[in-house]
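The block underneath contains the structure these notes are about, expressed in structure tokens.
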Amino acid sequence: MAVASGVVAQPLFRAPVGTRDLLPPESARRRRLVAVFADLAERTGFGLLESPIFEDLGVFQRLGADNEVVTKELFEFFDKGDPPRHLALRPELTASVCRAFAEHRPTQPWKIWYSGPQFRYERPQAGRYRQFDQVGVETLGTDDPHADVEVIGLGLRFYEALGMKQVRLLINSLGDATSRPAYDAALAAYLRSRRDELSEQSQITLERNPLRVLDSKREQDQPVIAEAPVMADFLSGESAEHFVAVRAGLDSLDAAYEVSPRLVRGLDYYTRTTFEFVADALDTAQNAVGGGGRYDGLVEDLGGPATPGIGFALGVDRILLACDAEGTFAAAPAPVEVFVVDTAGGQSAAVLCDRLRQAGLGVDRAFDGRSMKAQMKRADRSGAAVAVIIGPDEQAEGAVTVRDMRPGGGQRQVASDDVVSAVTEILAEEA
Ligand code: HAM
């Protein structure tokens, strides 16, 4: 747009729809959340996998040919190769973990944790974004029900570590290759018998994948779903035993759960154990703060050897919304312990900051040669426990003034060589 002066105004860009800038202190809070998760996961024997943010499109097509995550929500693109490669931003990480397992063939069980952004072209709303963060774990190479219990238990302990009290665990078993066909047939027959009562969308889903109709959140479908046959009545002996063992394991941890016989998940790879963590502090549309289950066929689908697997992914964005609603795990500004005030030109501040930071302290300073008063105001606002002040007088004497910023705290002059010990002394007193 041309303005009177003839200067062309630049367009004001905004973050793309469904994405957000995460500013401090919220960004620091997320990092803290990931650190809590990393600590728990690593103490449970999981190692970090960092896999690419984009993969060959084929990796994600294995998530379900008729699944909306694959058919509608992938961010896909071609690279500049000759011939071009068809790639996609990852919508989740389980497929990447299985691809990495098939590629590297690590020793089993392979216990992996991860964190990072995922991408789904969904209709954005509160708690639903096109770029969102997950943390998660996957255990590959064992179908021991205790592995299921370890994974689910880790999820529960994580929510607890954040101080969340209103998270419920829902579990179900989706059966295995021997139990599934009979159930799928019974479910399809039932849904067809009540086809006219279903929403238009669910009628289409029914023809492609009857199980996915159970995942519909549409009001109109609920009465039909409520009376649908349940997997529990069709489980093979082995699947039923596995589910009993998982429940017994959760009982032994005193983990509260609800068996939710019609719980199916949004992705198609699940077998046997499936579960979801639901935050009651959030609106029902977006209250799933995490979910997971077994995917005993996925590695094989990705060209690897037949390998059982179980894991979960937790939605960081929704967890933080739920923490807000519960009033826990608050955002805290990054702590600065020391603020350096320099009215002697700024060079001394640079040297002092460097020295204090090298001693491991959190240190900030002002710029632009501001007045003493303005700098002290910044020092106050920084929340620093100690101010280190250097003006022309101190500079001439090779000294600094160290001030305890607590109400009524004193100050004293020390040789600038002794600044680290003087500051640490005050910090130790405060602690
Ligand atoms: P998912 O249920 O698709 O499972 O996603 C897990 C969690 O990610 C959800 O419970 C939710 O908290 C969060 N989430 C999903 N989509 C969005 C979105 N658009 N905006 C904000 N948060 C979102 C998986 O991704 C599987 N990979 C989980 C798994 C791991 N299964 C086995 N291993």
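Descriptive notes on the structure:
- Computed [θ] at 222 nm, deg cm²/dmol, the chain (DSSP H ≥ 4; -39,500 (n - 2.57); rounded to nearest 500): -11000 deg cm²/dmol
- In terms of packing, defined here as the mean over residues of other Cβ atoms within 10 angstrom, the peptides 346-353, 382-389 line up highest first as 382-389, 346-353.
- Put simply, when 295-305, 248-258 are sorted by average Cβ atoms within 10 angstrom per residue, most first, you get 295-305, 248-258.
- Put simply, the C-alpha atoms of the stretch 1-69 give a gyration tensor, and the ellipsoid matching it has half-axes of 40, 24, 10 Å, longest first.
- Under-5 Å amide H pairs with Asp342, H placed in peptide plane, nonlocal only: Ala366, Ile390
- Take Leu282: with every protein chain present and a 1.4 Å probe, its accessible area is about 30 Å².
- Net charge of neighbours whose Cβ lies under 13 Å from the Cβ of Gln108, counting Lys and Arg as +1 and Asp and Glu as -1: -1
- Derived scalar couplings between HN and Hα for the stretch 182-195 equal 5, 5, 4, 5, 5, 5, 4, 4, 5, 5, 5, 5, 10, 3 Hz in order, rounded to whole Hz, by the Karplus curve 6.51 cos²θ - 1.76 cosθ + 1.60 (θ = phi - 60°), x for Gly and Pro.
- Positive contributions from Lys and Arg (+1) and negative ones from Asp and Glu (-1), summed over other residues with Cβ under 12 Å from the Cβ of Leu361, come out at -1.
- Look at the Cα gyration tensor of the stretch 234-303: its axes a ≥ b ≥ c give a/c of at least 1.5 with a/b at or below b/c, and that counts as oblate.
- Accessible surface of the chain, 1.4 Å probe: 51 percent of it comes from carbon and sulfur atoms.
- Rounded if a/c under 1.5, otherwise prolate or oblate - the stretch 174-305, Cα gyration tensor axes: oblate
- Cα shape, the chain, gyration tensor, a/c 1.5 rule: prolate
- Within-15-Å neighbourhood charge of Gly249 [Cβ basis; K, R +1; D, E -1]: -3
- One Cα centroid belongs to the stretch 145-171, the other to the stretch 249-297; the line between them spans 10 Å.
- Comparing Arg99, Arg130, Arg218 in a Gaussian network model of the chain (Cα springs below 10 Å), the most mobile by mean-square fluctuation is Arg218.
- Mean separation of Cα contacts under 8 Å, 6 or more apart, over the residue count of the chain: relative contact order %: 15
- Per residue solvent-accessible surface (Å²) - the chain, probe of 1.4 Å: 49
- 0 to 90° range, to nearest 10: angle between helix 237-252 axis and the chain longest Cα axis: 30
The values are calculated or read from the model by the stated rules, or taken from the named source; none is laboratory data. What you see is a predicted model; the values in this text were computed from it and never measured. All Cβ positions, even for glycine, are placed from backbone atoms using ideal geometry, and neighbour counts span all protein chains on display. Keep in mind that these areas ignore ligands, DNA and RNA; they rest on the heavy atoms of the full protein, side chains included. Shrake-Rupley method; radii C 1.70, N 1.55, O 1.52, S 1.80 Å.
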